[in-house]
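A.B. asks: Dumping the structure here so I can ask a few things about it.
The values are calculated or read from the model by the stated rules, or taken from the named source; none is laboratory data. A quick note: this is a predicted structure, and the numbers were derived from the prediction, not measured. Cβ atoms come from the backbone with ideal geometry, glycine included; neighbour counts cover every protein chain shown. Remember, those area values only see protein heavy atoms, side chains included, never the ligands or the DNA or RNA. Shrake-Rupley method; radii C 1.70, N 1.55, O 1.52, S 1.80 Å.
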Amino acid sequence: ASRNYPYRVRHGEKAVFEGVMRRDPINKKEIVVGNLSCNSSRDPGPRTNIVNNLKKIDPDLLFFAGDQTYHHTEHTSGWIEFGLQFREIMKDRPTITIPDDHDIGQANLWGEYGKRAKNPQGPSGGYYYPLKYVSMVERQQTWHLPDAAYKGKLKSGLSTYFTRLRVGGVDFAILEDRKFKSGPEGKIPKMGPRPDHINDPSYDRSSVDLPGLKLLGKEQLTFLSQWSQDWTGAQMKAALSQTAFCGAVHIHGRPNDRLLADLDSNGWPQTGRKKALREIRKAWAPHLCGDQHLAVVVQHGIDSHRDGPFAFTSPAIVNSIYGRWWHPLNDLAGDNPIPASPLPWTGDYEDGLGNKITMHAYANPPADRRDVKNRADGFGIARFNKETRSVTYECWPRFADVSEGDEAQFPGWPVTHKMSDNDGRKAVGWLPQLTFSKPNQVVQVTNKKTNEVLYTIRIQGKSFQPKVYSMDSHEIKSGENKPETVVIPQIQPVEKPELAKKISVSI
């Protein structure tokens, strides 16, 4: 991890491929991540503009969130095509690839632990093609990742790959947000021509959020809980997955095809969404994903607007298959719109499932997408600044030139937020001001009445005053990399930070 290693792969005497295995960029103040997804096979050939722009940006890590190929039943040839398209940027830096629905030959995916689906559309739940084929796809796309967090196989025989990867002091949780998810068909009332689409604005949101429905599954929720509490080798954290934990889209497919709720998004089931976001919030982590073809930056609301983590959905690499648009029916901005944004529809909204979201930026395509150079496709960049503990999202059109500066980005970008903004709950009380003998310790705060871990974070510097969200008694733990030592076993908060005690901690 301490130095670059050149490598060479040979096939016979003439075929040679060379690259560099990079050292861990732990000393860089900013870790740069490329965020990409949805590589339409309807537009074959090289991805010259995107690759050249990525070379100029020189990211430390590439994240391909899914749909690397749309060849469906010919994944091997599609995987080779993807490798040819992006090898010049992948060969010199770590790359995360995770398969989504089109990679395994389906239009949509609700995995249900690996059961057999009725058809390739998938709403009955499960996988349509044999699990041997699905396993081959997952093996091709994920063999290079760290070992899976879950040991063993599911009852269906399907393996898992969700895991973590640390690069440059940023700890990434890599999720499989569709492998365990319940399928809607036969479980909820049918309210549209398709079992996964809802267009009745009067429907009861709770009627589709039924007990027993799953999103991430207990295995991944357990992993996220453990991941959020272990800060070994990490100063910041982020979660990576295929799709968004909300329905930040109004129009699907064609400019006049308005859809109220799409159950293919991770906005459904709502209870499962909240469970996932609460675990991500405990680490003050943002979320990067793809799948939606529409680039957006939102801040999730769990119980109220802006109390959850930020999320950046990348644009489609090639947006030739399925356009999507953010366009509220009333043509109005939400409450508390983003100041000075050039976009008309920002602020606080609810999606069609009743989930609270705050729209910060979106990149709508034009109504007519026939112009291949104007379809709102491209790539995203996330910059994790370890000095300021902030994250900046960039969104670049496919045919832009990053050398031209921020003006070449989609309107509304870049977007920056503090790491602490990923927990937007309003402070009700304050615990003592802590001063540690060593800097940058891990601090965990737990509500003693409910036994809920509120957050586990690595502080910056030697001082930290925890905020809490009730006047219940709380516990504080700390440690070098994990919260292993009880600093204060039980203490009542005070209403104002200046009224709290000051405590020195020798850890």
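A.B. asks: So, by mean Cβ neighbours within 10 angstrom, what's the order for 291-302, 173-184, 471-482 with the highest one leading?
C.D. replies: By packing density, highest mean first, the sequence is 291-302, 173-184, 471-482.
A.B. asks: Kindly report, to the nearest 10 Å², the accessible surface of Thr73 as traced by a 1.4 Å probe over protein heavy atoms only.
C.D. replies: Here the accessible area works out near 80 Å².
A.B. asks: In square nanometres, what is one fourth of the surface area of the convex hull spanned by the alpha carbons of the range 44-157?
C.D. replies: 7.7 nm²
A.B. asks: Something else: Divide, for the chain, the radius of gyration over alpha carbons by 2.2 N^0.38 Å, where N is the residue count.
C.D. replies: 0.96
A.B. asks: For the range 1-34 and the range 325-356, what is the separation of their Cα centres, given in Å?
C.D. replies: About 42 Å separates the Cα centre of the range 1-34 from the one of the range 325-356.
A.B. asks: Probe radius 1.4 Å, ligands and nucleic acids left out: which of Ile89, Ile26, Ile338 has the largest accessible area, and how do the rest follow? Please list the in-between numbers first.
C.D. replies: Numbers: Ile89 0, Ile26 75, Ile338 40 Å².
In descending accessible area the options line up as Ile26, Ile338, Ile89.
A.B. asks: May I pose another question? Sorted by accessible area (1.4 Å probe), largest first, how do Phe312, Phe17 line up?
C.D. replies: Phe17, Phe312
A.B. asks: Still on this structure, please answer the following. Keeping every protein chain present and rolling a 1.4 Å probe, give me the accessible area per residue for the range 98-232 in Å².
C.D. replies: 41 Å²
A.B. asks: Would you rank Ile98, Ile503 by solvent-accessible area, highest first, keeping every protein chain in place and using a 1.4 Å probe? Before the final figure, lay out the partial values.
C.D. replies: Values: Ile98 0, Ile503 50 Å².
Accessible-area ranking of Ile98, Ile503, largest first: Ile503, Ile98.
A.B. asks: I'd like to check one number: the per residue accessible area of the range 328-456, probe 1.4 Å, reported in Å² as a whole number.
C.D. replies: Computed with neighbouring chains in place, this is 43 Å² per residue.
A.B. asks: Okay, moving on. Place the peptides 118-127, 143-152 in order of packing, highest mean first, counting for every residue the other Cβ atoms within 10 Å and averaging per peptide.
C.D. replies: Details: 118-127: 19.3, 143-152: 12.6.
Highest-to-lowest ranking by the protection proxy: 118-127, 143-152.
A.B. asks: Rg(Cα) of the range 126-250 divided by 2.2 N^0.38 Å? Don't jump to the answer; show the numbers that get you there.
C.D. replies: Working: Rg = 17.3 Å, N = 125, 2.2 N^0.38 = 13.8 Å.
Relative to the rule-of-thumb radius for its length, the range 126-250 sits at 1.25.
A.B. asks: With +1 on each Lys and Arg Cβ and -1 on each Asp and Glu Cβ, and nothing else charged, work out how big the dipole of the chain is about its Cα centre, in Debye to the nearest 20.
C.D. replies: 1440 debye
A.B. asks: While we're looking at this one, here's another question. Convex hull over the Cα atoms of the range 335-470, averaged projected area in nm²? Could the numbers behind the result be given before it?
C.D. replies: Working: hull surface 48.4 nm².
Result: 12.1 nm².
A.B. asks: Hey, another quick one. Computed on alpha carbon atoms, what radius of gyration and Dmax characterise the range 1-69, expressed in Å?
C.D. replies: Just the Cα atoms of the range 1-69 yield Rg and Dmax of 15.3, 42 Å.
A.B. asks: Right, another one. How large are Rg and Dmax for the range 251-311 when only the alpha carbon atoms are used, in Å?
C.D. replies: 12.9, 40
A.B. asks: Which value at 222 nm does the chain reach when only helices count, each DSSP H run of 4 or more adding -39,500 (n - 2.57), with the total divided by all residues and rounded to the nearest 500 deg cm²/dmol?
C.D. replies: -4000 deg cm²/dmol, from helical runs alone.
A.B. asks: With only Lys, Arg, Asp and Glu charged, each at its Cβ (+1 for the first two, -1 for the last two), find how big the charge dipole of the range 142-269 is about the Cα centre; round to the nearest 20 debye.
C.D. replies: Here the range 142-269 has a charge dipole of around 280 debye.
A.B. asks: Further question: Just going by the charge dipole of the range 182-234, with Lys and Arg at +1 and Asp and Glu at -1 on Cβ, which of Gly233, Leu210, Ile188 is farthest out on the positive end?
C.D. replies: Towards the positive end, the residue furthest out is Ile188.
A.B. asks: Suppose every K and R has +1 on its Cβ and every D and E has -1 on its Cβ; what is the size of the dipole of the range 433-490 about the Cα centre, in Debye to the nearest 20?
C.D. replies: Here the size comes out at about 140 debye.
A.B. asks: Find the Rg to Rh ratio for the range 394-450, where Rh is the Kirkwood radius over alpha-carbon pairs and Rg uses the same atoms.
C.D. replies: Radius of gyration relative to Kirkwood radius: 1.24.
A.B. asks: Okay, next question. Carbon and sulfur atoms: what percent of the 1.4 Å accessible area of the chain do they account for? Mind dumping the intermediate values first?
C.D. replies: Working: 10540 of 20800 Å².
Reported share for carbon and sulfur atoms: 51 percent.
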